[in-house]
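Undergrad: Submitted below is the structure of interest, expressed as structure tokens.
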Amino acid sequence: MNPIKKPKGTLDILPEESAVWQALEDKIRKAARRSGFSEIRVPTFEFTELFCRGVGDTTDVVNKEMYTFTDKDGSSLSLRPEGTAGVARAVIENGLYAGALPLKLFYLSNFFRHEKPQAGRTREFWQFGVELYGSGSPLADAEVIMLADGLFRSLGLDNITLRINSIGDGKCRPEFRRALIEYFEGHAESLCPTCKERLHKNPLRILDCKNPECKEISKGAPKTLDHLCEECGTHFEELKKCLDSCGVKYVVDPMIVRGLDYYNGTVFEFTVDSIGAQSTVCGGGRYDTLLGSIGGPDMPAVGFGMGITRLIRALEDEGKLPSPDTGADIYVASLGEAARAASFKLAQELRSAGINADYDVCARSLKAQMKYADKTGAKNVMVLGDNELAAGEAELKDLRSGEKRAAKIDARSIAEMLA
Ligand code: ATP
Ligand code: MG
């Protein structure tokens, strides 16, 4: 029978890798908590309408990439393609907007997009995301940027670039949009088919297109920053001042527009060039109209999404991947029936005492047990046989240094020796 394979664009995170993921997730959660963000967990699927209204139905994410299905009652559901819309829905549904403000939330979850799988792009992927509700100040933009920047620095990532831009708001964007359409109409023949389609529906997206010809044409396009109203211009200048005051380096990049409709004002990305074409590790910005657009109160908000697999690639590239040790603190090996029963009991007692203990559950030879202890990276080993049981004592061997010590066969005293 043919073995069944995983669907295209999905990942198996194997035990060795998942230890790295856990170490990384631990650092991420700690960084979020240090900045006062609390974790929120929302459903993996939502009503399709939420993403159409929240993310925007002219975006590729909603239009082309969603995993949508009909539920048994006929309603249309979609696997979440991003995190912001679901969190915004939860903020409204649970009345969180009426609590202490600003509301600072984060999530670490999986998302689903039917994209062409390639290096740094999968159909199921993971994001660390933060959402800050209730502040329209540039300080709030700086707050989420500083969280990402601080995390990257604490992980030791050196070759990462922060790119910032402002795409304006309801006041100045229409004028910019007109200028963009006018410019791209003059180059319509050379645009890729998707961009031709976008030209009148969502011209900003053309600036985000990865097609080389569109990229080239975009270079001459009008720049958002030249079309900002006074309020947006001042906001952007204030943000730059905040970042400058903390010595955070950034590049002002007029090509950063982001792929989702809900953004306004500040947008930003962190990119790592060495990881290839999918170089954006983190992307975010302001979305002051999102809550209102899905039926909530008007409330300014800012946040980002950080791709975990791209972060891992960047860390790998710089040799900065955390290297957690997963081996048992002690492997209790046994020789003979009586010792096997004793090793079982001792290992269970050691675990109760907080020690990572392992033992043989396959009734194998001592040689095979020692091989297993070695292969799985056990740090210490103790061999129990009839003589050891009779004496109530056995040798505790440190497998890394080779040091041997006599130890009582007693969980508490072994735990003390290993402490
Ligand atoms: P890109 O332009 O690379 O497609 P995006 O603008 O679609 O990114 P967002 O929706 O803002 O990305 O998501 C934030 C981050 O999540 C991205 O910067 C990236 O690190 C990660 N990400 C997005 N889509 C994928 C994917 N299909 N596979 C892996 N990571 C992804
Ligand atoms: Mg994308």
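The values are calculated or read from the model by the stated rules, or taken from the named source; none is laboratory data. Model, not experiment: these values are computed from the prediction. Glycine gets a Cβ as well: all are built from the backbone with ideal geometry, and neighbour counts include every protein chain shown.
Undergrad: Does the stretch 183-194 contain at least one residue that is of a type in the set (D, E, K, R), in contact with a Cys (Cβ under 9 Å, 6 or more places away or on another chain) and assigned to a helix (DSSP H, G or I)?
TA: No, because not a single residue in the stretch 183-194 is of a type in the set (D, E, K, R), in contact with a Cys (Cβ under 9 Å, 6 or more places away or on another chain) and assigned to a helix (DSSP H, G or I).
Undergrad: Could you grab me the full set of residues in the stretch 281-295 that are crowded, with 24+ Cβ neighbours inside 10 Å and part of a strand (DSSP E or B)?
TA: Scanning the stretch 281-295 gives 281, 282, 284, 285, 286.
Undergrad: Of all helices (runs of 4 or more DSSP H) completely enclosed by the stretch 4-78, which ones contain at least 3 residues that are not aliphatic (A, V, I, L, M)?
TA: Correct list: 15-34, 48-51.
Undergrad: Which numbered condition in (1) free of Cβ contacts under 8 Å to residues at least 24 places away in the same chain; (2) under 19 Å from residue 291 (Cα atoms) is the only one that residue 70 fails?
TA: Only one criterion is unmet by residue 70, namely (2).
Undergrad: OK, next. Filter the stretch 54-79 down to residues that are more than 14 Å from ligand 2 (Cβ to nearest atom) and under 25 Å from residue 204 (Cβ atoms) and give me whichever is surrounded by the most Cβ atoms within 10 Å (Cβ to Cβ).
TA: Filtering first and then ranking leaves 54.
Undergrad: Restricting attention to the stretch 36-53, report how many residues are under 28 Å from residue 203 (Cβ atoms) and away from ligand 2 (no atom under 16 Å from the Cβ).
TA: The qualifying residues number 5.
Undergrad: Would you mind stating whether residue 273 is surrounded by fewer than 22 Cβ atoms within 10 Å (Cβ to Cβ), under 14 Å from residue 85 (Cα atoms) and either touching a strand residue (DSSP E or B) at 6+ places or on another chain (Cβ under 6 Å) or modelled with pLDDT under 95 (or both)?
TA: In short, no.
Undergrad: Which of the residues belonging to the stretch 115-133 are over 18 Å from residue 311 (Cα atoms) and either away from ligand 2 (no atom under 11 Å from the Cβ) or surrounded by 20 or more Cβ atoms within 10 Å (Cβ to Cβ) (or both)?
TA: Correct list: 131, 132, 133.
Undergrad: How about the stretch 242-280: which of its residues are assigned to a strand (DSSP E or B), more than 10 Å from ligand 1 (Cβ to nearest atom) and in contact with a Phe, Trp or Tyr (Cβ under 8 Å, 6 or more places away or on another chain)?
TA: Across the stretch 242-280, the qualifying residues are 264, 265, 266, 268.
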